[in-house]
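Below is one structure, written out as structure tokens, with a few remarks after it.
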Amino acid sequence: MQTIYESSFLILIYKPTFSQLEIIWLPESKNMSVEQYKSEFLTYIQYHNQYKIKLLLADETHLFFEVVPELQKWVSSMLNQRVHKQAEKLAIIFSEDYVQKLAAEQMMTQSELQHIKTLFFESKEDAQKWLVTGRLKHAKQKVLFFYNNEYSIFSESDQNDSN
């Protein structure tokens, strides 16, 4: 595991064993300008392509920057134009901020990268476990499934074992 990029807003950690990139947004993100957000996002795309990432873990629990609809469209456009489509799975750890979760959902819906298996988690431990093993059984916190532009909720009380 190695930190391949670090700024006041974002840390990128590469885990070669799993061809995984961990994206960690930092609390200082609340002070980002739109141009800084765009720059950070393009940096992520650069490393995503460079390392041929298969698994993505996006920790957005401290992403306090509001991604407004116009910026969501830009993000989707950049994903569609610039990301090589080698990622297989994306686990997003979200905060309790419902607006942030909706923004992430909308970006995934707009993106042509919908072939990526995507789940939203409250727990980093559950997210990492799913990325590596493909299993959700006994998830400790709530998980939101993304499949064919629809979402459903899985929680620890559910007994389904899903990929």
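Does Ser19 satisfy the criteria of being under 23 Å from Ser123 (Cβ atoms) and surrounded by fewer than 17 Cβ atoms within 10 Å (Cβ to Cβ)? Walk me through it before giving the result.
On the way: under 23 Å from Ser123 (Cβ atoms): yes; surrounded by fewer than 17 Cβ atoms within 10 Å (Cβ to Cβ): yes.
Yes, satisfied.
Select from the stretch 66-94 the residues that are in contact with a strand residue (DSSP E or B) (Cβ under 8 Å, 6 or more places away or on another chain) and not basic (Lys, Arg) and write down the one among them that is farthest from Ser29 (Cα to Cα). Before you say what the answer is, go through the steps one by one.
Just the residues of the stretch 66-94 that are in contact with a strand residue (DSSP E or B) (Cβ under 8 Å, 6 or more places away or on another chain), to begin with: 87-94.
Those left that are additionally not basic (Lys, Arg): 87-88, 90-94.
Numbers: Ala87: 25, Glu88: 27, Leu90: 21, Ala91: 20, Ile92: 17, Ile93: 16, Phe94: 14 Å.
The residue in question is Glu88.
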Could you please let me know if Lys15 is farther than 19 Å from Ile116 by Cβ, out of contact with any Lys or Arg (no Cβ under 8 Å at 6 or more places or on another chain), of a type in the set (D, E, K, R) and touching a residue at least 12 places away in the same chain (Cβ under 8 Å)?
no
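Kindly evaluate Thr3 against the criterion of being surrounded by fewer than 16 Cβ atoms within 10 Å (Cβ to Cβ) and touching a strand residue (DSSP E or B) at 6+ places or on another chain (Cβ under 8 Å). Walk me through it before giving the result.
Numbers: surrounded by fewer than 16 Cβ atoms within 10 Å (Cβ to Cβ): yes; touching a strand residue (DSSP E or B) at 6+ places or on another chain (Cβ under 8 Å): yes.
For Thr3, the condition - surrounded by fewer than 16 Cβ atoms within 10 Å (Cβ to Cβ) and touching a strand residue (DSSP E or B) at 6+ places or on another chain (Cβ under 8 Å) - is met.
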Looking only at the stretch 22-42, count how many residues are surrounded by 16 or more Cβ atoms within 10 Å (Cβ to Cβ) and not in a strand (DSSP E or B).
7
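Every read-out reported here was derived from the displayed coordinates using simple, explicitly stated rules and does not represent laboratory data. All figures in this text were calculated on a predicted structure; none of them were measured in a lab. As a convention, Cβ positions derive from the backbone with ideal geometry for all residues, glycine included, and neighbour counts pool all protein chains shown.
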